[in-house]
Every structure is written in structure tokens, then in C-alpha cells.
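Colleague: Next up is a structure, given as C-alpha cells.
Please treat every number below as a calculation from the coordinates, not as lab data. Here the structure is a predicted model, which means the values were calculated and not measured. Positions of Cβ are generated from backbone atoms using ideal geometry, with glycine treated the same way; all protein chains shown enter the neighbour counts.
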Ligand code: ADP
Ligand code: ZN
């Protein structure tokens, strides 16, 4: 296996050394936060923990957990740990689940974040010879600026496209021979679809790799994108609260994302009891930023449901790996008492040969939850007879029942009738919340 690292000494650091480094940084960071963020100091005081009680990572669990609600309560400056004049940038969450959260960066914070993105680009084989097309949104959203900075650090020719204007994206891929595409997986799928319509074959485009993240996507969707674009598709994870994309990234093994543990300590907790769970358990991912200066969150609850593993990785990196997040705890729908994740529905659809263009509608009729799934027919299937379409719907309903444990109603709809996403896709409309 080819070995590519951006910062080899850190990325392959022996575990005991890495953990000693984390401990040293954590002790300093707790002091920094205690002295400069009154809101968190109060939380620590209430819990009866002082900075002197934290000697290393083994004491991390003693610190209070912090959540998005805390960030909303302290909006806009409450979590700032340095004078505002030392900050050079803000970014903000996408607001997928409510009011936006603002994060602040010093110049060092920006450097650190961009380095993380550079590691991700090098891990997929990126070098200064590459042409990196960044089709994540630019602006407050962290996707564009993060990958843009990482691409500069690697020395790639950077195409700061932002999202949207798909025809132009394809024109630039073609004319400037882009080799690495960075965007959300749903947008990558859409770019692939339009390329196909334009008659560009997967092997004809110059792309070799994609760095796709910012939203959940399944292994099935990965295979689908790899086929339509003729590339290797890699996952990248991050959140504004900890910096942005690049908190974790996939290496050539494509079996989970290495968390940049020299900057972020990861824990998995039981979301109900808040107890720390052993490695390998499924639970809520919690991050502690040990290097961030302006917005250093300790034990931040991401609400992403995930699993960590320390199995040796063939790429040689020693940093812990996280699996694809199985969805956010608040993405999970409880339908007729059963837990349903959109990712399960996506798996069934792609395995059944459908493109990842679907919409999930949840409602309530006669005191019972209803689940309807709209799925697009492919242009070829559009010519099917009504009877064949009905059979297809039945087959999908049976496969869905087996996967979910409850039976949805599947509606096959005309090609292109479901809106395409250029950023984070909105898959679920839960009308129960609107009544
Ligand atoms: P918002 O929470 O408003 O969407 P962000 O833009 O900061 O704000 O998005 C961060 C969230 O996006 C993460 O907490 C996670 O739920 C999701 N996310 C980011 N990358 C991935 C990924 N590779 N796979 C699944 N979900 C992801
Ligand atoms: Zn690896």
C-alpha cells in the first residue's frame, strides 16, 4: 500500500507518545478554559472539579459535558476564550438542527484546521501536482474554506468553485483537468448524474479521487459515486464547533476515518446516562479540542452516533478511527415505536439499483405514524408499464420491511422530480412536528 502523509511524525506517532502529548495539552487547555470562559468555569465549579484535578487524559471524564444548547445560550461571545481582537475569522454551523452556532478562530486555529484538511488531501494521494476542485459551499459554512486552505497547504492548484452551477463545475473539471473533487456526497452524486447526461463516461474525466463529507452517506452510496464518477471516494468528517472538516479523514484503506488525535480527543458516551463507553461501543461522539485557542470546547457532545476502533491500519497511521457516523441522534426517527435511520433506507434503495434520489415523509393519520418514501425511477424505467412499476414498489416495500422492521409505503416517481442537493441534502420531512 502506498504511504502518503502530510505530517508523518504526528500521523504515525507511537500511541504512548501520542497519549502523553494529549495529556500535556489537555492540562494546559483546561487551565486556559477555566481562566477565560466564565460559563464553563461555573459548570466546573458546580461539578466540583478544579483544573488541578486534571492530570492527564485519564481524568477527562471528570469534566462536565457541554452541548449545542450551551453554545446557543452563550451566543454570540460567551464561549470565547481569547480577546476578540486576537480572532481573525468566524465560521458558523449550517443550522441543520436549529439556530446557527458561531465559532471563532485565531490565526493559529485557522492554521491547525487547514493542516488537518491538508492531511486528508495527502491521504487520498494529493500532491502539488494535483488540481483540487472545491465544490463545497464557501462563506460561513466550513466546507469550502477548510478544504481550500488544506489544498493550498498541499500546494495543489485550487479551484475555489463553491457549490452550485453544476454545468460550470463539469466544464472546469474537463477544461482544467481537475483530479480531486471536494463536495458533499449528495452533490457528487448529482455532478455524476449530469456528467452522464452530457455523455461523459466515468473513465473519460480527469478525476481520480473525491473527498466527500459534511452529511451522512452509506457504503452503498460510496460505491455508486465511485462507479458514476470513475474515482475513489473518501469520507471526511468535522463540525464547526471543533473547527470544520478534517477533524477526521479517511486513508487509502477506506475503512473508517482517522481522528486527528494530536488536536482532538474523542470519547464515546451513552447519550442517556452520559457514561463513557469502552472502545468499540456504539454511542454519542464527544470531542475535546486540546489546541484550539479562541473557541476551545471541552467534552463537546456532537450528537453523532458512532463507534471508535484502534485496530492497526495498513496505512501506518496510529490515530484512532471512527466509523461513518450512523446519523445524528436527532436524525433518528421514531416511527410506530421503532428507531429508523435515513441511512437504512438509502442502503435498501441503492442495493435495489436505484439512484440516491429519495425523500422520506413521516406523518400521523388516525393516531398512527405513517412512513412514505418517494423514490425516483431511472430514465430507462420510466417506460415501464404501470404493472411493472407497481411490482417494483412492492419489492421495495418488502425489502424495506426486512431492513426497518416496519412497513413503509413506497412511491416511485418520475425521474428528476425530487430536488437535487448542492450542499447538505434534506432527506426527511417529518410533518408530525408541524401539527
Ligand atoms: P450543522 O450541525 O448545522 O449541520 P456543521 O455544518 O458544522 O453544522 O455540520 C457538522 C455535522 O455534519 C456533524 O456534526 C455531522 O452530523 C455532520 N457530518 C459532517 N461530516 C460528516 C460525515 N462525513 N458523515 C456523516 N455526517 C457528517
Ligand atoms: Zn489508515
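Colleague: Just checking, does segment 126-141 include any residue being within 15 Å of ligand 1 (Cβ to nearest atom) and on the phi > 0 side of the Ramachandran plot?
Modeller: yes
Colleague: Just name the residue that is farthest from residue 426 (Cα to Cα) out of those in segment 83-108 that are surrounded by fewer than 17 Cβ atoms within 10 Å (Cβ to Cβ) and in contact with a helix residue (DSSP H, G or I) (Cβ under 8 Å, 6 or more places away or on another chain).
Modeller: Per the stated criteria, the residue is 88.
Condition check ((1) more than 16 Å from ligand 2 (Cβ to nearest atom); (2) out of contact with any strand residue (DSSP E or B) (no Cβ under 7 Å at 6 or more places or on another chain); (3) without any contact (Cβ under 8 Å) to a residue 40 or more places away in the chain) across all residues:
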position: 190; (1), (2), (3): yes, yes, no
position: 214; (1), (2), (3): yes, no, no
position: 223; (1), (2), (3): yes, yes, no
position: 226; (1), (2), (3): yes, no, yes
position: 249; (1), (2), (3): no, no, no
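Colleague: Among the residues of segment 1-31, how many are part of a helix (DSSP H, G or I), in contact with a helix residue (DSSP H, G or I) (Cβ under 7 Å, 6 or more places away or on another chain) and under 13 Å from residue 262 (Cβ atoms)?
Modeller: Here the count works out to 5.
Colleague: Same structure, new question: If you go through segment 148-166, how many residues are more than 19 Å from residue 119 (Cβ to Cβ) and part of a helix (DSSP H, G or I)?
Modeller: Going through segment 148-166 one residue at a time, the tally reaches 1.
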